[in-house]
Amino acid sequence: MRILLAAIAAAAVVSLPVNGEQPPGEVSAKSKVAMEALNRLKGVDLEKNPALKAAVAKIIESSRGTPEFIEISRTLNLLDGDAEILAIALREGPASGPAVDGIRFVLAHDKDGLVAKQLAAGDAAQTRVLVDLLGTAGEAAAVALLGGVVADPARDAEMRGFAVRALVRSEAGARELIAAIANKKLDAVLLPTATSALRVVPWPEVQAEAAKHLPAAANGGAALSLAELMAMKGDAKRGGEHMSQVSCLACHRIGDAGVDFGPSLSEIGNKLSRDGMFASILEPAASVSHGFDGWQIALKSGATRAGFIVSETATELAIKEPSGMISRIAVADIDKRTAIPGSMMPAGLEQTMTSQQLVDLVEYMMTLKP
């Protein structure tokens with residue numbers, strides 16, 4: 001079988017384009033065939049097969065500058081391409097699965113502190129992309145780096161606030177932020193951002209812990225009854241303006257805006273009645289849409305992933321994380337999987353706004369129709 005795979009890899013690279021013969025960031029179909037062969041060559045001793053080693057070297061060279069270079073580096077555990085991987089990841093951004101995998105790969109063996117140096121030396125735009133990537137990666141090393149950005153008084157408040165929002169994308173990051181608040185170590189200027197971010201995390205236990213340390217909600221926590229809310233008049237325009245402030249677009253899409261994680265809201269006004277809309281916000285766990293059952297995946301490395309399982313085979317599990325990215329995890333790397341009770345949409349969303357803002361928001365959502 002390995003001889004056959006070697007032949008496939010060698011054949012695939014015979015006419016591979018070299019650098020400059022295809023657009024940056026793109027890889028030919030033949031390159032993809034060769035990469036699939038590489039994925040099946042794990043454990044093969046290339047030193048004992050010079051022809052295959054040469055073929056693999058050509059695949060690596062042809063993939064430079066592309067997301068596929070990240071996949072090849074991970075597959076073959078190549079540790080000398082970190083700078084190039086980081087450059088590709090910064091170019092592709094957090095919406096790219098390979099880019100996030102690349103950051104995770106580099107962080108796993110980054111003894112020279114390459115990512116930390118980039119975080120310190122990059123311009124504002126690059127730093128923002130890197131912070132976004134670290135938030136999506138969610139590894140312990142990523143959380144530590146983000147915590148450093150949040151705590152750095154030399155950075156501007158906007159960047160530190162952006163790091164706060166990136167930090168709460170992982171359970172470990174959210175817990176670190178809660179600890180900073182509880183121990184009075186979070187800069188007061190960042191507390192409003194941290195408060196709004198922590199109120200909508202998808203982990204019930206974390207949300208409950210956060211509630212012990214957060215300031216009072218906008219409406220004092222005194223939610224009106226459904227009947228009282230239904231009797232109020234809303235303003236759809238104001239509701240639309242308030243949409244982004246309550247983090248709906250952090251998990252849902254409306255048209256081309258937002259994150260593809262939870263159910264799309266583009267036509268929600270045609271699917272729910274007004275009272276049903278209020279109920280879905282006030283009690284999200286009462287009705288979980290098919291395919292949106294949450295799972296927490298603990299890895300043997302100590303890292304965790306949370307989200308919706310989109311596919312699973314005997315060897316690989318694919319999970320859509322709150323960032324909207326699909327992570328592919330080797331079953332052999334999984335330590336434990338736990339069902340997240342209820343809905344991954346956080347309860348208590350109404351506590352982040354006044355009753356009038358909630359009514360305005362529902363009024364706007366009722367206008368979202370085909």
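The values are calculated or read from the model by the stated rules, or taken from the named source; none is laboratory data. Just so it is clear, the model here is predicted, and its values are computed rather than measured. When we count neighbours, we look across all protein chains shown, and the Cβ atoms used for this are built from the backbone with ideal geometry, even at glycine.
What pairs come up if the first residue lies in segment 208-224 and is modelled with pLDDT of 85 or more, the second is of a type outside the set (Val, Ile, Thr) and part of a loop (DSSP other than H, G, I, E, B), and their beta carbons are under 8 Å apart, counting only those six or more places apart or on different chains?
Ala210/Arg199
Say whether the condition of being surrounded by fewer than 19 Cβ atoms within 10 Å (Cβ to Cβ) and in a loop (DSSP other than H, G, I, E, B) is met by at least one residue in segment 325-337.
For segment 325-337, residues surrounded by fewer than 19 Cβ atoms within 10 Å (Cβ to Cβ) and in a loop (DSSP other than H, G, I, E, B): absent.
For segment 77-88, give me the residue count where each residue is assigned to a helix (DSSP H, G or I) and in contact with a Phe, Trp or Tyr (Cβ under 9 Å, 6 or more places away or on another chain).
The qualifying residues number 4.
Being within 18 Å of His252 (Cβ to Cβ) and aliphatic (A, V, I, L, M) is the filter; apply it to segment 195-213 and report the residue that is surrounded by the most Cβ atoms within 10 Å (Cβ to Cβ).
Within segment 195-213, the match that is surrounded by the most Cβ atoms within 10 Å (Cβ to Cβ) is Val201.
What are the pairs with Cβ atoms under 8 angstrom where one residue, in segment 291-319, is more than 20 Å from Glu171 (Cα to Cα) and the other, located anywhere, is among the small types (Gly, Ala, Ser) and not in a strand (DSSP E or B)? Sequence gap at least six, or different chains.
Thr315/Ala332
Residues checked against (1) part of a strand (DSSP E or B); (2) of a type in the set (Lys, Arg); (3) in contact with a strand residue (DSSP E or B) (Cβ under 6 Å, 6 or more places away or on another chain):
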site: Pro263; (1), (2), (3): no, no, no
site: Ser266; (1), (2), (3): no, no, yes
site: Asp275; (1), (2), (3): no, no, no
site: Ile281; (1), (2), (3): no, no, no
site: Ser289; (1), (2), (3): no, no, no
site: Trp295; (1), (2), (3): yes, no, yes
site: Ala298; (1), (2), (3): yes, no, yes
site: Ala306; (1), (2), (3): yes, no, yes
site: Ser311; (1), (2), (3): yes, no, yes
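I'd like the full set of residues that are of a type in the set (D, E, K, R) and touching a residue at least 40 places away in the same chain (Cβ under 8 Å), limited to segment 62-98.
Passing the criteria: Arg64, Glu68, Arg91, Glu92.
Give the residues of segment 155-181 that are outside any helix (DSSP H, G or I) and hydrophobic (A, V, I, L, M, F, W, C), sorted by residue number.
Val168
Tell me the residue from Arg74, Arg104, Arg91 that is touching an Asp or Glu at 6+ places or on another chain (Cβ under 7 Å), surrounded by fewer than 19 Cβ atoms within 10 Å (Cβ to Cβ) and part of a helix (DSSP H, G or I), please.
The unique qualifying residue is Arg74.
Based on this model, can you work out whether Ser244 counts as surrounded by fewer than 19 Cβ atoms within 10 Å (Cβ to Cβ) and at pLDDT 80 or above?
no
Within segment 137-149, does at least one residue satisfy the condition of being surrounded by fewer than 19 Cβ atoms within 10 Å (Cβ to Cβ) and more than 22 Å from Ala298 (Cβ to Cβ)?
yes
Taking Ser196, is it outside the structural domain of Val259 (by TED's automatic domain parsing) and either over 20 Å from Gln351 (Cβ atoms) or of a type in the set (Lys, Arg) (or both)?
Spelling it out, it is not the case that Ser196 is outside the structural domain of Val259 (by TED's automatic domain parsing) and either over 20 Å from Gln351 (Cβ atoms) or of a type in the set (Lys, Arg) (or both).
Give the number of residues within segment 54-71 that are surrounded by 15 or more Cβ atoms within 10 Å (Cβ to Cβ) and assigned to a helix (DSSP H, G or I).
So the count comes out to 12.
Would you check if Val164 is under 22 Å from the mean Cα position of the chain (by Cα) and either under 16 Å from Ala151 (Cβ atoms) or buried (at least 16 other Cβ atoms within 10 Å of the Cβ) (or both)?
Yes.
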